[in-house]
Amino acid sequence: MRGSPLIRLVVVCFGLAALAWPVAALTTRRIQPFPAGQPNTPEPVTADFVVRVTASTPALFSVGIAGEDSPRQGTGHTFLTSFRMNASAPEDLQVGADFPDSKAESAVRVEVLREGRRLVDSSFWGNGSIQDAVSIPTP
Amino acid sequence: MKWLWAWVFFGGLAMAQPLKVASLSTVMTDLARQIGGDRVEVVEIVRAGVDPHLFQPSPGDLRKISSADLVLANGMGFESYLNDLKSVATGARFVVAGDVVEPIQACSEGHSDHLDTHGHDHGPLDPHWWHSVKNTQRVSLFIARKLSEADPAGGTEFDSRAASLDARLEELGRWCRREVARIPRSRRLLVTSHDALGYLARDHGFGILPVQGLSTSDQPSSQGVRALIAQIRSRGATAIFTESVENPKVLEQITAETGARNGGALVVDGLGDGEAATYDGMMRQNIRTIVEALR
């Protein structure tokens, strides 16, 4: 190679730097702290889901979802409540019905409505107590 | 008259002989014992604690299988030696769970990096059917039917026990649903050692990212691990579940780089020890571990 030794030195340094850069980028990548449970997703669109539970005999109802500390409760033949949840991924409902005054087989009907449209219509049977979970279909 | 008594005596002895069942599946062993009761003698060929992926029947096992009336197997490629076994044990009737379950494709999320590294041919279907309680209900009824065909005199007993077992499994399914309902939908992601929980994921709305199977050896490629780490981070997985971890270094790297913690050990390839020695216990232990880690 001809030319000034200084220029040659500069060219060689540039060449080495060009080679070293990708190696350094790969080996010195800093570990980013991971925000647990918070994926990089935009704020979800929410919607109101109305839950209606109906029993064949008077019952003590409970309906809960993940993220709420305690289930919502009510008594009688029918229990009505609503949850504001992610519209595209609503939580499962934990449904319970206790029949303190009845030892015969009892039935519970669970309906979930969104904007008047019925998304879920499930029935369960049991003696004394019925405990189950209901998934809400996603669009 | 003596001949008549001898015939009755020896005939009675012959009738008292329990049905011989050889089992290649720890889960099916438990089901067959619950359904068969005293009328069935179940010989465990594959025992709890043995890695079924690495298991190969010995000559002694072949003798036991050949002398059995029924042979219980998972099918769907789980026992890579099953076809060879069928050609050897021609006298036995094979009861294969894969014949009655609704199969799903392995790697249900289309995780293209998954390659089989643990010594058996999974085939295109996921053979870990027992992680769906509904599948287990089907297989229980199938076993009851096959026992009845082999021992018609015990049919009523088998049917009765199968019905009781079905009711217990129904209750187990309800319990699993209620427990999983405690996990927010956004956190239902299972990062597991290998892709064995596809049926559980299907039933309960989990996504799956299997760690194992990133390469063809114990040292997965760095690109494969990086891709998995990127997926874990982007999808916000908070826990990684272990089993028989074949490459703890990879797991350590993944937990360090993603911040996800060790969610605990799952029993995925059949039954285990302690509570997991029964099907009911195994399911409850796994679900509890998952719920505690992700809720």
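Observations, loosely collected:
- Qualifying position, being in a helix (DSSP H, G or I) and within 14 Å of chain A (Cβ to nearest Cβ), among B:Arg233, B:Arg284: B:Arg233
- Members of the range A:121-136 that are assigned to a strand (DSSP E or B), modelled with pLDDT of 95 or more and over 17 Å from A:Thr54 (Cβ atoms): A:Ala133
- Test: B:Ile240 is at the interface with another protein chain (Cβ under 9 Å from one of its Cβ atoms) and either part of a helix (DSSP H, G or I) or at pLDDT 90 or above (or both): no
- Pair list, Cβ < 7 Å and 6+ apart or interchain, from the range A:121-139 residues that are within 11 Å of another protein chain (Cβ to nearest Cβ) and more than 14 Å from A:Ser88 (Cβ to Cβ) to residues that are assigned to a strand (DSSP E or B) and aromatic (Phe, Trp, Tyr): A:Ile130/A:Phe124; A:Asp132/A:Phe124
- You will find that of B:Val267, B:Val291, the residue that is within 22 Å of B:Trp130 (Cβ to Cβ), among the hydrophobic types (A, V, I, L, M, F, W, C) and within 11 Å of another protein chain (Cβ to nearest Cβ) is B:Val291 and no other.
- Of the residues making up the range B:252-276, those that are closer than 18 Å to B:Gly173 by Cα and part of a helix (DSSP H, G or I) number 2.
- For B:Ile183, the criteria (1) at pLDDT below 95; (2) not in a helix (DSSP H, G or I) hold in every case but one, which is (1).
The values are calculated or read from the model by the stated rules, or taken from the named source; none is laboratory data. Quantities reported herein were computed from a predicted structural model and do not represent experimental measurements. Note that each Cβ is placed from the backbone with ideal geometry, even for glycine, and that neighbours are counted across all protein chains shown.
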